[in-house]
Each structure stands twice: as C-alpha cells, then as structure tokens.
1. Filter segment 35-79 for residues that are touching a residue at least 60 places away in the same chain (Cβ under 8 Å) and among the small types (Gly, Ala, Ser) and give the result.
2. For segment 1-46, name all the residues that are hydroxyl-bearing (Ser, Thr, Tyr), in a strand (DSSP E or B) and open to solvent by less than 50 Å² (accessible area, probe 1.4 Å).
3. Give the number of residues within segment 71-109 that are at positive phi and open to solvent by less than 70 Å² (accessible area, probe 1.4 Å).
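The values are calculated or read from the model by the stated rules, or taken from the named source; none is laboratory data. The structure presented is a predicted model; accordingly, all values stated were derived computationally and were not measured. Using ideal geometry, Cβ is built from the backbone for each residue, glycine included, and neighbour counts are taken over all protein chains shown. Ligands, DNA and RNA are stripped out before the accessible areas are found, and what is left, the full protein with its side chains, is counted by its heavy atoms. Shrake-Rupley method; radii C 1.70, N 1.55, O 1.52, S 1.80 Å.
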Amino acid sequence: MTRIPLYRHKSPDINIYIDAYFESGDLVIEGQDIGKSVENWWGDSDYEYGLKVLSSEVAKLYPLFGVEEGDEEGLLSEIAGKYNTNTCYSDFMDFLNRNDIEFEGFTWA
C-alpha cells in the first residue's frame, strides 16, 4: 500500500500528519493532530480524522484529475499536488461535495 503524505507540520505545540492511500480500492485520507494545542482544544493530546471514498465513487475522480482510470498511484500523486496545505483535508472534502462524490467521514479524539 503506497501512502502519500499530503501535509506535515511540526512545532513545539502541535504536530500534524495528513496522508492519502488506497485500501482495497477505496481512497482513504487520514489525519492526526498531536500536541498541547490539540489538548487545549479537544481535551486530549491526540485528534484523528479521516474520510473514505468507496471504490465505486473513486471512478469519478480519475477524469477530474486527468488520470487514467485504475492508476491509483497517479491519482494519489495528482491529489497530493493539489491538496498539500494545512487545510487540505477540508479542501478535499469541499471538492468531493462540489463534484457530488459520496464519502464517509470520521473523527475521534
């Protein structure tokens, strides 16, 4: 399973990791925020979040990113090229919503 980092940030108060990968044909974007800032906000020093686009919906992404259908690594690369900032997780969810692509989201602290 190829895991591509979308965003990384390390500071004394917070570390942020957001990755994209495929799991059994489904596209997964996962993030984790760790540190004092997270504890102050959520009451726990670890906040995790993610979304999953099921394989039936992933097919809609290939033409939107100009990638040949089935080229998972190419799609990950294109996503990483466009969604690679601190807001990449919410920006990608907005993109999915704008293009009527269904996904499942989850969070836990």
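1. Result: GLY43, SER77.
2. Our first condition is that a residue be hydroxyl-bearing (Ser, Thr, Tyr); within segment 1-46, this holds for 2, 7, 11, 17, 21, 24, 37, 45.
Then keep just the ones that are in a strand (DSSP E or B); that gives 7, 17, 21.
Listed by number, the residues that qualify are TYR7, TYR21.
3. Total meeting the criteria: 0.
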